[in-house]
Structure formats: C-alpha cells, structure tokens
Amino acid sequence: MMRKLALLFIGILQIGYLSYLHAQTKQTSIGTLGTNNAISGSVRTLNGVPITGVQLNPSGNFTAAQTDLWGNYYFTVPNGSSTTLRPTYKELDYTQSGLTALDMILIKRHILNIGLFTSPYQAIAADVNNDGKITNLDILLLLRVIINMDSSFPGNRRWAFVDSSYIFSNPTNPYNWKDSIRLSNVTSNKKGQNFIGIKLGDVNNSWQQNFSGISDDTLKVMAYNVLNYGDGCQGSLSKLNGYFKTIIGYTNPDILSLEKVDAFSPTATASSKNFAVSVRDSVLNDLFPDKYDFATPTNISSGGDMNLLFYNKQKIGYLSTQTIVSNVTDFNLHKLYYKDFFLSTTPDTTFLYVLQNHTESGNSSKVRDQQVAQEMQALRTKFAYFPNLIVLGDFNYRNTNETAYQAIINSSDTNTKMFDPPFSIDNKLTYPADFDNNTASYAPFLTTSTRSSASVPNSCGTSGGGKGWYDHFFLSPWLVKGKNFMQYIPNSYTTIGNDGNRLNVSINSKTPVVNQSVPSAISDALFQFSNKYPIMIKLKVTHNSYNISPIDP
C-alpha cells in the first residue's frame, strides 16, 4: 500500500478537475452536436470540497444540470443562446453537517469585535437570516438548527452560492454578492463557470460531503480502429473531426483506445505535429472541455501507424507507458489509476492496466501469432498474477483456434489467463468459433466493415460490409471477479452500430432492415469516419473507503 501511497499523492491534487456526469445531463440531439456549445464548471466550498447534487438551473428553455461526485457539471446550449446560471441545493439528510458550537463562538467574537472575520465568505455564512448584518439573532437561529429545533434558516435557506470570479467591492460588507452567472450569445464552449458554495452557519468552513450510500461508478472503455486517421486519404481532417465528434458525443468513453492512427513524431508538442494533441484539443476537449488527456505515445518500431490511448482525466489518472513488444508496431502497456473521491482521506485506489494491440493483418496468422505470443510472455513475466488488466484492440483473428488467440485465453496458470466476454463471461457464444467461414453465427459482433463498397464514401477502407470480427477485449480474472474494486458489467460488451443485420451490407443500409441500434446520425458518422465498428465494455467501480486494496503483482 505504501507504494501506492507514494504514487497516488501525485494525483490527489488533480481530483478537482472537471468531470461530466453524462447520465445526469440531458444533451440535445446527437446529430446536431456541431451546432451546440458546452457549458461546464464546478461547485465547491471555499477550501475545495466538492458539493454533489447541486442543481444548475439555466434560464430559458434548457434542461437543468446537476453536479456529480466531484462537484462538476456539464450541459449544452444551441449556438447563439443566452442564459443565466443559478445554483440551488437542498441538503436533505445531513443538515447539521459543519454546524457546531464553535461557529456560534466565532460569530459572537466577531460581534464583540474581538475576533473579526477575515473573509467575506465568513460574513455571508454568519448572516443566516439574510438581513445584511450579523447579530445575536443569527446565533440564536444557528443554535435552533444545531439542536434540531429547525431544519433550515428563514426563507428555507441552507446554502448560499457566489460566482467564484466575483470580486467583493467591500469585503467587510459583502451582502450584495453575485449569486449567478450570465452568459450572453454563447458561440463557443464556456468552461470554468464555477461557484463557491457556503453552508450557512458554517463560519469555520468545516462542512464535508456525506458520501454514505453513494452508488458505484461506471467506466466506459472503447476500442476503435480508425483507418489511418490523420493521413488525409478519407478527406479533410476537419470533416473527419466532425464525424468523430458526433461518435464521441454519443459514446462518451472514459477510456478510448484508437488503433491504426497515421504515424507521427511522438515527441512533438505542437498540435500540427503531434496528432494526439490534435485529437485531444480539436475533437475530444472541443466537445467536452478539459475532460480528456492521452497516454504517452510511442513508435519504437517505426511503423506506418500507431496506437493512441485517451482517458477521462477527471476520473482517471495516468502513471506510465511501457512498450512491452516492438514488432511491426508497438504494443504498449499503460498504467492508470481511478481517481476515487475517497483519495483525499484514504490515499489508496485501484490501478488499471490497458494493453493496446494492432496485429499484422492477412489470412496468414504467422506474424500475429508471433506478436501476441511475445506480448503475453512479456505480461506473464512482468506479473506473477494478472491485476486489473485489459488487452484490447484489432487482432485480425479469423478464428479462435489461431495460436495468437489461444495464447491469450489459455494458460497453465489460471491467474494469467484472459477472458473474451461474449464467450466466457456472458456465455453468448461457445468455442471453437470460425469468424471467416461461419460469419452469420457472429453477426452482432462483426466489426469489419461498415461499408459494402470499395469506393463509397472513399477508396481507403475495406469493403464487403459486415464480414469479419477482428476487434476484441480480453479481461483478467480480477476484472471478471471484481477482485480489486473494478468488475466487468455482464452483457455490457457492445459492437456500436451493429444491430446484427449488417451481413455484407453497410452500417447505414436500409436493407435488409433499417439500422435502429443507434441514431441515424451516428450510423452515418460511423460509415463516413472508418471502415470499422468500435467496440465497448463497461466496468463497475466500487468506491474504496477502506484505505486498503489488494497489492498489484
């Protein structure tokens, strides 16, 4: 645990970054994301404690947003809209949290002029009856709440909120503070729309969020072969970025593995030279401001394409990248950790390892057998038993009898064998499986191709429609059993956009039936952007409030 403690203190200060609770924010139509702008921010106490469940009520005909476990919120408005944000919060179950006799003493000392407040926020907290002055009546009203005679202060008030950018013109008389944020003619993303929350009566700012009963979190992991994204073959980068935004707006992954990105210099820093920077800034964070970052890219093998890993930096921290095999392309093992909100009090959390693959294509499995054998040997040498580990990507398998496939799922040590969810967890399929010669049996899982034609929408991808299953997730025993606070959610494995009726036809074909597995804007974007279907799984994360977790091997 001490090893984790040293590593994770580096990330504790990052807990305050923005994160977006997609399930609690109703976005506008995915097909029109390009005409909308994101508004995001946070609500925290003066000393940075996140306030969960605060309603952000925008004026106009917009859906209210709610702060997540990290005190952050996100919503979108149409281009050119104007709105006013005003927070409201009803602390139902723990009204007295942060309110003690010490607060009464501090207020009394201020009244007697023997211990004046040093912050305008203290004055706002002390004026519990909101009459613009601090008197003994405020102390009496605070006492009534502390001893449970009242459940709120006059006007049913419990909290006050201040625009965090507001500068008090007279800090000793702060009672006309700015409690809302006005946004006019919004034509771009507006991040950093932050508020400071003040618990009325809590003069010493001792309030803490009560996390009892907080539900488990979910991480969405997505793998996507993006067909030399960045080489210009499929059209202008701006056009492709638009399609990719539409896809990401719909899928909203926490971990995003991109395979077969056009090669670039991994050490470059400028967006024009480093494609990882370009994707992060021009696509991911342009859609979800300040949400994503990427693991260190490599190209030791000097391949023509590369793999990139992006992650939701509000939920996930990044520690390291190790190239465990360099054979035609780099096979990189990334070490991540979950930013549990208990980190501030119990500095222990869960690690997650992600190993990216893009093996050699072709009917002959000789090279990919070698590549995967090397990477699995490297993993089994590195780990005495597999921790929370995902091996993912485009494996180019034709059947499950390939040596490369067997190298992952078979091991003399059950602690180092991997599981392919549709087969060995969800039990939807059985071994052996021949994806090439019995394609119809695996129709909902096919990932190649989204296009039936070799020339429409361009001539840069594989044709033939749904005909192959090359993209997979393999999970360690810990993730199957939930050994270390993370567990695969059964039946969450999804081939995004494949309704099971795409045999030999395009994703957006109206025959044999209209594809209703995703909105039409998504199927069109998937068709235009790449010849591969992305795949996704979900992981349940149980919050670690115990200050201990199993030691990684």
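The values are calculated or read from the model by the stated rules, or taken from the named source; none is laboratory data. Because the structure is predicted, anything quoted here is derived from the model rather than measured. Cβ placement follows ideal geometry from the backbone for every residue including glycine, while neighbour counts extend to all protein chains displayed. Note: areas computed on protein heavy atoms with side chains; ligands, DNA, RNA excluded. Shrake-Rupley method; radii C 1.70, N 1.55, O 1.52, S 1.80 Å.
Observations, loosely collected:
- Residue match in segment 217-236 (condition: assigned to a helix (DSSP H, G or I), touching a residue at least 24 places away in the same chain (Cβ under 8 Å) and not aromatic (F, W, Y)): no
- Screening the candidates D293, D286 for the property of being open to solvent by 30 Å² or more (accessible area, probe 1.4 Å) and in a helix (DSSP H, G or I) yields one hit, D286.
- The number of residues in segment 181-198 being in contact with an Asp or Glu (Cβ under 9 Å, 6 or more places away or on another chain) and open to solvent by 20 Å² or more (accessible area, probe 1.4 Å) comes to 6.
- Total residues in segment 430-444, condition open to solvent by 20 Å² or more (accessible area, probe 1.4 Å) and either under 17 Å from I507 (Cα atoms) or within 31 Å of the chain's Cα centre (by Cα) (or both): 3
- Yes/no for F445 being at pLDDT 95 or above, within 15 Å of D499 (Cβ to Cβ) and aromatic (F, W, Y): yes
- Test for S169: is it in contact with a helix residue (DSSP H, G or I) (Cβ under 9 Å, 6 or more places away or on another chain) and of a type in the set (G, A, S): no
- Flag if Q209 is part of a loop (DSSP other than H, G, I, E, B) and closer than 30 Å to I489 by Cβ: yes
- When residues of segment 217-237 are limited to those that are within 16 Å of the chain's Cα centre (by Cα) and more than 15 Å from N531 (Cα to Cα), the one surrounded by the fewest Cβ atoms within 10 Å (Cβ to Cβ): T218
- Residue check, K532 touching a Gly at 6+ places or on another chain (Cβ under 9 Å), among the charged types (D, E, K, R) and either in contact (Cβ under 8 Å) with a residue 12 or more places away in the chain or open to solvent by less than 60 Å² (accessible area, probe 1.4 Å) (or both): yes
- Applying the condition of being farther than 19 Å from D202 by Cβ and polar (S, T, N, Q) to segment 157-171 and asking which residue is modelled with the highest pLDDT yields S165.
- Subset of segment 46-82 (residues that are under 25 Å from K199 (Cβ atoms), open to solvent by 10 Å² or more (accessible area, probe 1.4 Å), in contact (Cβ under 8 Å) with a residue 24 or more places away in the chain and not in a strand (DSSP E or B)): L46, N47, G48, V49, T52, G53, N57, P58, L69
- For segment 385-418, the candidate set comprises residues that are open to solvent by less than 40 Å² (accessible area, probe 1.4 Å) and among the aromatic types (F, W, Y); within that set, the residue that is farthest from H334 (Cα to Cα) is Y397.
- Taken over segment 246-266, the criterion of being farther than 19 Å from N531 by Cβ and not in a loop (DSSP other than H, G, I, E, B) is satisfied by G249, I255.
- Filter result for Q356 (open to solvent by 10 Å² or more (accessible area, probe 1.4 Å) and not in a loop (DSSP other than H, G, I, E, B)): no
- Comparison of L503, L475 shows that the only residue that is open to solvent by 50 Å² or more (accessible area, probe 1.4 Å), in contact with a helix residue (DSSP H, G or I) (Cβ under 7 Å, 6 or more places away or on another chain) and on the phi < 0 side of the Ramachandran plot is L503.
- Figure legend. Inter-residue proximity from segment 261-290: first residues under 14 Å from G249 (Cα atoms) and in contact (Cβ under 8 Å) with a residue 60 or more places away in the chain, second residues in a loop (DSSP other than H, G, I, E, B) and open to solvent by 50 Å² or more (accessible area, probe 1.4 Å), beta-carbon distance below 6 Å, spacing 6+ or different chains. Indicated pairs: P289/K191.
- Boolean, G242 is surrounded by fewer than 16 Cβ atoms within 10 Å (Cβ to Cβ) and in contact (Cβ under 8 Å) with a residue 60 or more places away in the chain: no
- In segment 389-429, the residues that are over 29 Å from the mean Cα position of the chain (by Cα), of a type in the set (D, E, K, R) and under 21 Å from N327 (Cβ atoms): R398, E402
Here's the yes/no breakdown for (1) under 19 Å from F419 (Cα atoms); (2) of a type in the set (A, V, I, L, M); (3) touching a strand residue (DSSP E or B) at 6+ places or on another chain (Cβ under 7 Å); (4) in contact (Cβ under 8 Å) with a residue 24 or more places away in the chain:
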residue: C460; (1), (2), (3), (4): no, no, yes, yes
residue: V480; (1), (2), (3), (4): yes, yes, yes, yes
residue: P519; (1), (2), (3), (4): no, no, no, yes
residue: Q528; (1), (2), (3), (4): no, no, no, yes
residue: K538; (1), (2), (3), (4): yes, no, yes, yes
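- Inside segment 303-334, residues that are modelled with pLDDT of 95 or more, under 15 Å from I255 (Cβ atoms) and open to solvent by 30 Å² or more (accessible area, probe 1.4 Å) make up a count of 3.
Each row is one residue, and each column tells you yes or no for (1) assigned to a loop (DSSP other than H, G, I, E, B); (2) touching a residue at least 60 places away in the same chain (Cβ under 8 Å); (3) in contact with a strand residue (DSSP E or B) (Cβ under 8 Å, 6 or more places away or on another chain).
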{"site": "S302", "(1), (2), (3)": "yes, no, no"}
{"site": "N307", "(1), (2), (3)": "no, yes, yes"}
{"site": "G317", "(1), (2), (3)": "no, yes, yes"}
{"site": "T321", "(1), (2), (3)": "no, no, yes"}
{"site": "H334", "(1), (2), (3)": "no, no, yes"}
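- Answer residue from segment 123-172, given it is on the phi > 0 side of the Ramachandran plot and among the polar types (S, T, N, Q) and is surrounded by the most Cβ atoms within 10 Å (Cβ to Cβ) among those: N130
- Taken together, V325, V283 contain a single residue that is β-branched (V, I, T), out of contact with any His (no Cβ under 9 Å at 6 or more places or on another chain) and within 19 Å of Y224 (Cα to Cα), which is V283.
- Residues being open to solvent by 30 Å² or more (accessible area, probe 1.4 Å) and over 23 Å from L446 (Cα atoms) - total across segment 359-377: 4
- For P120: the one exception among (1) touching a residue at least 40 places away in the same chain (Cβ under 8 Å); (2) open to solvent by less than 50 Å² (accessible area, probe 1.4 Å); (3) touching an Asp or Glu at 6+ places or on another chain (Cβ under 9 Å): (3)
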